[in-house]
Amino acid sequence: MKTLFSNYSFGAGLATDLVNTSAIVWTSTGEVLTDPAALARFLDEHEARLDSLPRGALPTDEDLAQVLALRQETRALLEAEDEDEVAEGANELAARASAAPTLLRNSAGEWEWHVTTDPRASIADELGALVGVGLLGVLHTLSHARFRHCASPVCAGMFIDTSKAGRRRYCMPGLCGNRLNVANHRARRQGNEARPANGSGTGTR
Ligand SMILES: [Zn+2]
């Protein structure tokens, strides 16, 4: 597998989405990566082109177990308060797939800085290299402050904010922002219901 070192937002997005497949985030529907087919779908949706997974092939149960372990490791790196610990962990993820810096020409003949992995690396190792490169790129180019917990009080998700402005607040912006609105709406309604009938005059009588 090869990935452009400058495209760290791809690996950071992959890290975010991988961490957020967990049942601790999907409290009502549960684990997203329930079987190898679910892992294949996840990789497909993210257009993660891995040498270890030829087109149309299915990951094994062993691959799934390794990816779930990688997910836990990635979550721990997103949660780590010590920046050096993150760099060390991300370096280690890249090293596991023997990721090496490689200078290649693009179709316009210009040099591009890639990271290539050992062709014999496993699915989890290749994914880990993508995640590692993403984390390292964010640490180097943006800052450790871009690793965040979801702002929704009812969500345990985490994310890496690679947006230009750096003001992202939710792990799944469409979903968690709405979840928060629903929670606020419920709290307001319960507050109104708790008020005495001769109170502020809101509501119908
Ligand atoms: Zn969230």
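For this structure, a couple of remarks:
- Considering only residues in region 112-125 that are over 18 Å from the mean Cα position of the chain (by Cα) and outside any loop (DSSP other than H, G, I, E, B), the one that is nearest to the ligand (Cβ to nearest atom) turns out to be Val115.
- Filter pass, Arg179 being within 27 Å of Arg146 (Cβ to Cβ), within 16 Å of the ligand (Cβ to nearest atom) and modelled with pLDDT under 80: yes
- Filtered residue count, region 48-100, keeping only those that are assigned to a helix (DSSP H, G or I), buried (at least 16 other Cβ atoms within 10 Å of the Cβ) and among the small types (Gly, Ala, Ser): 4
- Here Leu104 does not fit the description of being within 18 Å of the chain's Cα centre (by Cα) and surrounded by 11 or more Cβ atoms within 10 Å (Cβ to Cβ).
- Selected residue (criterion: most open to solvent (accessible area, probe 1.4 Å)) from residues of region 141-159 that are more than 11 Å from Glu79 (Cα to Cα) and within 14 Å of the ligand (Cβ to nearest atom): Pro153
- Unique match (being more than 16 Å from the ligand (Cβ to nearest atom), among the small types (Gly, Ala, Ser) and touching a Phe, Trp or Tyr at 6+ places or on another chain (Cβ under 9 Å)) among Gly128, Gly137, Gly89, Gly109: Gly137
- Residue satisfying condition, being within 21 Å of Glu47 (Cβ to Cβ) and open to solvent by 50 Å² or more (accessible area, probe 1.4 Å), within set Gly174, Gly134, Gly128: Gly174
- Thr27 vs. criteria open to solvent by 70 Å² or more (accessible area, probe 1.4 Å) and within 19 Å of Gly157 (Cβ to Cβ): yes
- In region 126-135 there is no residue matching the filter, namely being over 14 Å from the mean Cα position of the chain (by Cα) and assigned to a strand (DSSP E or B).
- The one condition in (1) in a loop (DSSP other than H, G, I, E, B); (2) under 27 Å from His140 (Cα atoms) that Gly30 fails to fulfil: (2)
The values are calculated or read from the model by the stated rules, or taken from the named source; none is laboratory data. Predicted, not measured: the structure shown is a model, and the values here were computed from it. When we count neighbours, we look across all protein chains shown, and the Cβ atoms used for this are built from the backbone with ideal geometry, even at glycine. Protein only, heavy atoms only, side chains kept; ligands, DNA and RNA dropped before computing areas. Shrake-Rupley method; radii C 1.70, N 1.55, O 1.52, S 1.80 Å.
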